[in-house]
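Chemist: Structure incoming, see below.
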Amino acid sequence: MRHRQVALLRGVNVGGHNRIPMARWREVLSGRGFGEVATLLQSGNAVFTAPCPAVESERLVAADLAAEFGFEVPVLVRTRDELAAVVAADPLGEVASVPAQYLVTFLSARPDPAALAELDVAGCAPDVVRFGEREVYVWCPEGVRNSRVPQSWWERRLGLRATSRNWSTVTRLLELADAGR
């Protein structure tokens, strides 16, 4: 069985660091046996059809990235259906009026409920925070640069890997995943 999946790489092609040419990245993923490979933007975001579950794809993508480009960055993989559930949940759609200021922070695992209970998300105002299964939704009304809760904040407090995408990117990745179905 083949699975439609989305790979989210953190810290690629940012400020001249961890450079990955997208054409070469698509070749690497195709060479791995992933089909219908597409990339979005210059961030390493990739959508593909894989012969294995997402957890295995995550390991393979990270290994291929390190082998081909010589550096390691956090990689998270979600299935098309998991990404669709993230979009369908949209807990801040009523208040998040600017997609570029509405972030989804993808986490490497479900956060510990005790760790979540200890967080003071009210203290993050004016940012508005809601939790999903393995995601944190953040509306940043004063802009992402002024957010009080960058992805590193979640990593430190929850002890998980994290990578964030704005709402426009999340919905575009779902469109790409659906295009390959």
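The values are calculated or read from the model by the stated rules, or taken from the named source; none is laboratory data. Just so we're clear, the structure is a prediction, and the values are computed from it rather than from any experiment. Neighbour counts run over all protein chains shown; Cβ positions are idealised from the backbone, glycine included. Surface accessibility is based on the protein's heavy atoms, side chains included, excluding ligands, DNA and RNA. Shrake-Rupley method; radii C 1.70, N 1.55, O 1.52, S 1.80 Å.
Chemist: Taking the Cα centre of the chain as the origin and placing charges on Cβ (Lys, Arg +1; Asp, Glu -1), which of 116, 55, 154 is farthest toward the positive end of the dipole?
Modeler: Checking the options against the dipole of the chain, the answer is 55.
Chemist: Whole Å is fine, so just give me how far the alpha carbon centre of region 111-181 lies from that of region 37-87.
Modeler: 18
Chemist: Also, I was wondering about something else. Between residue 130 and residue 71, what is the spin-label point distance in nm, taking each point 7 Å from the Cα along the Cα→C-beta axis?
Modeler: 3.5
Chemist: Then there's this: May I ask for the angle, rounded to the nearest 10°, between helix 22-31 and the longest principal axis of the chain, with both axes built from Cα atoms and the value confined to 0 to 90°?
Modeler: Once rounded, one gets 60 degrees.
Chemist: Where in region 76-119 are there GluC sites (Glu not before Pro) that are in a DSSP coil and have at most 15 other Cβ atoms within 10 angstrom of their Cβ? Mind showing how you got there, number by number?
Modeler: Working: sites: 82, 94, 118; in loops: 94.
Within region 76-119, the qualifying GluC sites (Glu not before Pro) (loop, at most 15 other Cβ atoms within 10 Å) are 94.
Chemist: Something else: Of the GluC sites (Glu not before Pro) in region 133-181, which ones lie in a loop per DSSP and count no more than 13 other C-beta atoms within 10 Å? Walk me through the numbers before you get to the answer.
Modeler: Working: sites: 133, 135, 142, 155, 175; in loops: 133, 142.
Here the GluC sites (Glu not before Pro) that fit, given the DSSP loop and packing criteria, are 133, 142.
Chemist: Between residue 55 and residue 94, what is the label-to-label distance in nm when each label sits 7 Å out along the Cα-to-Cβ direction?
Modeler: Simple spin-label model gives 3.6 nm for this pair.
Chemist: Once you treat every alpha carbon in the chain as an equal point and sum by Debye, what is log10 I(q)/I(0) at q = 0.10 Å⁻¹?
Modeler: Taking Cα atoms of the chain as identical point scatterers yields -0.38.
Chemist: Take the solvent-accessible surface of the protein heavy atoms, probe 1.4 Å, and return the percent of it on region 47-147 that carbon and sulfur atoms account for. The partial results should precede the final answer.
Modeler: Working: 2490 of 4810 Å².
The value for region 47-147 is 52 percent carbon and sulfur by accessible area.
Chemist: Kindly report the accessible area of region 1-146 per residue (heavy atoms of protein chains, probe 1.4 Å, no ligands, DNA or RNA), in Å².
Modeler: Details: 7050 Å² over 146 residues.
Here the residues of region 1-146 average 48 Å² of exposed surface.
Chemist: To the nearest 20 debye, what charge dipole does the chain have about its Cα centre, counting +1 at the Cβ of each Lys and Arg and -1 at the Cβ of each Asp and Glu? Walk me through the numbers on the way to the answer.
Modeler: Details: 21 positive and 21 negative charges, 78 e Å.
Once rounded to the nearest 20, the dipole reads 380 debye.
Chemist: Which length gain, in nm to one decimal place, applies between residue 24 and residue 36 when the Cα-Cα distance is subtracted from 0.36 nm times their residue separation?
Modeler: Result: 2.9 nm gained on full extension.
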